[in-house]
Amino acid sequence: MCIIFIIIIEHMGGVNLKSVNKKIEDLVAELNEHAYKYYVLDNPDISDYEYDKKYAQLVELEEQHPELILSYSPTQRVGDKPLDSFESVTHTVQMQSLNDVFSFEELVGFDNKISKSLENYTYSVELKIDGLSVSLEYKNGEFFRGSTRGDGIVGEDITNNLKTISSIPLKLNKNIDIEVRGEVFMPKKSFEDLNDYRELHGLPLFANPRNAAAGSLRQLDPKVAAERNLDIFVFNVQQFSGEEFASHIQSLDFLKNLGFKINPETVLCKNIDEVIYTIEKFGQMRNSLPYDIDGAVVKIDNLSQRELLGTTVKAPRWAVAYKYPPEKKETIIEDIEIKVGRTGVLTPNAVLKPVFVSGSLISRATLHNYGYISQKDIRIGDTVVIQKAGDIIPEVVEVVKSKRDGTQKQFVMPDKCPSCGSDVIKADNEAAHKCQNMECPAQLLRNIIHFVSKDAMDIDGLGEAIIEIFVNKGLISGAADLYYLNFDDVANIDGLGEKSAQNIKNAIQKSKDNDFYRLLFALGIPHIGQVAAKKICNVFNTIDDVISATEEQLSNIDDVGIVMARSVKSFFENNHNLHEIERLKDAGVNMKKIISQNASDVLSGKTFVLTGTLPNLTRNEAKKLIEDNMGKTSSSVSKNTDYVLAGDEAGSKLTKAIELGITIVSEEEFLEMIKK
């Protein structure tokens with residue numbers, strides 16, 4: 001009876017499920033093989049048109065029989081619903097970082113240490129991809145989980161986003177359990193296309209491919225990650241109980257045969273001289289590679305020799321990362337423009353002939369102040385060498401004076417503000433030139449931009465471009481005007497409309513409930529940053545208390561000295577500023593300290609340093625929790641630091657904390673401390 005029943009079910013409606021299942025399995029296998037040849041081997045053997053036809057056929061069959069969809073079908077790379085947050089993953093095998101070396105002398109020193117412990121050893125040298133390190137876990141040959149490195153011990157589950165990367169196999173060529181490590185990156189061409197799109201749609205640009213890749217993997221909606229054209233190179237077996245390998249090179253061959261994408265630029269070197277030659281060769285290739293690298297990784301190739309050398313808490317003793325010096329390029333200073341900041345400081349900026357440096361197109365660089373220009377003898381029309389300080393901020397390194405032809409022009413700081421025409425004065429004890437007009441339009445614009453910024457009143461949707469439109473159209477002339485906007489006027493602005501106007505209205509309304517310290521910081525009082533604003537608001541409960549405070553009372557607050565105290569008093573002695581405060585009060589903006597429900601003294605006397613990206617809390621949320629519970633935060637690690645709160649991609653602060661023996665806590669451990 002059972003056999004007859006199954007046969008009847010399989011043939012219901014004239015459909016043979018075994019036949020359909022076989023067809024789906026064959027299509028999945030064929031499409032995965034073509035994807036492997038296209039994305040991993042870069043050697044497709046069918047046209048995109050033929051692939052798309054077969055893919056459409058698979059989609060049709062799966063829609064008709066969703067119960068037959070395979071977990072490793074190419075249709076399953078995207079399709080999961082957006083997540084509310086990422087779950088934590090504790091790595092069974094720690095994902096260690098590498099110690100860095102910055103010169104061949106340091107590299108030789110590393111080799112000398114190795115030679116004291118080993119004889120007859122070889123090195124594998126591979127490119128250090130500038131991306132995001134991830135773990136990929138497979139059960140019975142099927143991809144079931146992927147996670148970020150995090151602090152090396154605890155990362156985030158980003159499986160759905162990793163599934164969107166076509167070069168990550170959803171099913172291996174063998175039905176085995178294995179965990180591997182790889183580096184996710186965004187190819188240079190994909191990065192350029194992404195930024196072109198974002199610029200066209202008025203979205204903020206990504207600084208470099210690495211940031212773009214990291215941001216893409218941390219999207220809660222996998223469909224966003226799928227649009228970013230990410231790629232991966234797998235470079236290590238983390239854990240595998242099957243075949244044993246004698247060498248790293250052998251393990252890479254094994255990974256390649258399983259279907260993983262392995263970087264072909266891996267070289268076996270007999271000695272340190274060959275290592276240095278290979279690193280120099282890699283450096284010459286750097287600009288022509290389709291992806292960014294920031295160095296080369298040097299590893300002992302023999303795995304049993306690695307075990308003899310062992311590891312430290314943070315890094316293996318058998319490997320180092322050679323970091324290339326910052327990439328330098330020549331370009332021309334076409335002009336020097338002046339930007340007026342919110343405090344009236346005039347900052348000269350070099351307008352450069354656009355040039356690619358370290359993965360991004362550079363067209364501007366700050367020249368800081370007139371003293372900087374004079375010291376380096378920078379002139380308009382000069383050929384200069386630029387680099388990215390810390391591979392992030394463009395800076396002028398030097399002038400190529402041998403290329404001067406007499407057409408270059410000396411730069412002179414203006415004696416009148418380029419925004420309002422008022423006098424510009426340089427104090428004897430200061431490097432900066434400042435506009436003296438407090439009503440200067442440029443200062444007003446910068447002040448409003450500062451007022452709405454994330455660390456201040458955090459009014460979402462009010463970017464610099466929109467604020468400039470509001471100012472130019474006469475809708476606002478100061479920060480308080482935001483709370484009296486006519487949103488019919490806002491909705492009638494080209495490119496906004498009713499929905500955008502409503503979103504801005506909601507964000508402005510929400511900001512009225514901010515804690516008092518945010519408002520104090522948002523006012524833009526010279527010398528008063530967010531930390532100082534919090535310190536003041538811990539002592540004084542309302543804005544009126546601060547206004548009536550004496551200079552002595554203010555200067556007696558921890559970390560608030562006489563200069564800050566005078567600045568606060570001077571600000572609130574200005575009638576215009578007091579009038580703005582009254583208008584903010586009338587609009588319903590909160591003017592008093594909010595006592596947090598999470599407040600306690602459990603962290604009293606404890607100093608925290610934050611590093612990396614936490615799984616759930618933003619940096620500001622974590623700082624607030626620390627301060628609500630009477631703890632302190634610091635920007636640098638020292639012997640006075642009690643805890644380092646470390647998250648994903650923690651950097652040099654974590655390294656220093658380990659060296660000093662400072663307690664390192666995860667977000668989960670930190671939250672548990674507060675509960676206690």
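Listed by chain and number, the lysines placed with their C-alpha closer than 25 angstrom to that of K403 are K328, K329, K353, K376, K388; residues fewer than eight positions away on the same chain are left out. Straightening the chain between E30 and N503 buys 165.5 nm, computed as 0.36 nm per residue apart minus the Cα-Cα spacing. All C-alpha pair distances within region 329-413, sorted into 10 Å bins from zero, spread as 18, 52, 27, 3 percent across the bins.
Simple spin-label estimate for Y484 and I425 gives 3.1 nm between the two label positions (7 Å along the Cα-to-Cβ direction from each Cα). Comparing A365, N271, N257 along the charge dipole axis of the chain, the residue lying farthest to the positive side is A365, per the Cβ-charge model.
Residue order for V602, V313, V89, fewest other beta carbons within 10 angstrom first, comes to V313, V602, V89. At an R0 of 35 angstrom, the distance between the Cβ atoms of Q410 and Q436 translates into a FRET efficiency of 0.90.
The label point for L660 and the one for A246, both projected 7 Å from the Cα toward the Cβ, are 4.7 nm apart. Inter-label distance, K510 to L671: 2.0 nm, where each label sits 7 Å from its Cα along the C-beta direction. The calculated FRET efficiency for N211 paired with A491, based on their beta-carbon distance and R0 = 41 Å, is about 0.75. When semi-axes √(5λ) of the Cα gyration tensor in Å is computed from the coordinates, the matching label among [x] 50, 34, 28; [y] 37, 29, 25; [z] 60, 35, 29 is [x].
Counting only residues at least eight positions apart within a chain, or on another chain, the aspartates and glutamates with an alpha carbon under 17 Å from that of K499 are D460, D488, D489. Panel order for M591, M285, M95, by other beta carbons found within 10 Å of each beta carbon, from fewest to most: M285, M591, M95. Estimated from the Cβ-Cβ distance and a Förster radius of 51 angstrom, the FRET efficiency linking S117 and L289 is about 0.90.
Among the listed pairs K261/K299; K171/K299; K434/K510, those with a Cα-Cα distance over 26 Å are K171/K299; K434/K510. Listed cross-link partners K188/K454; K454/K623; K270/K323; K323/K624; K323/K653 are compared with a 26 Å cut-off, the Cα-Cα value being larger for K188/K454; K323/K624. For the chain, a crude dipole built from +1 on the beta carbon of Lys and Arg and -1 on the beta carbon of Asp and Glu, taken about the Cα centre, is about 1000 debye to the nearest 20.
All of the numbers you see were taken from the coordinates with simple rules; none came from a lab. Small disclaimer: the values here were computed from a predicted structure and weren't measured. So basically every Cβ, Gly included, is an ideal-geometry build from the backbone, and we count neighbours across all protein chains shown.
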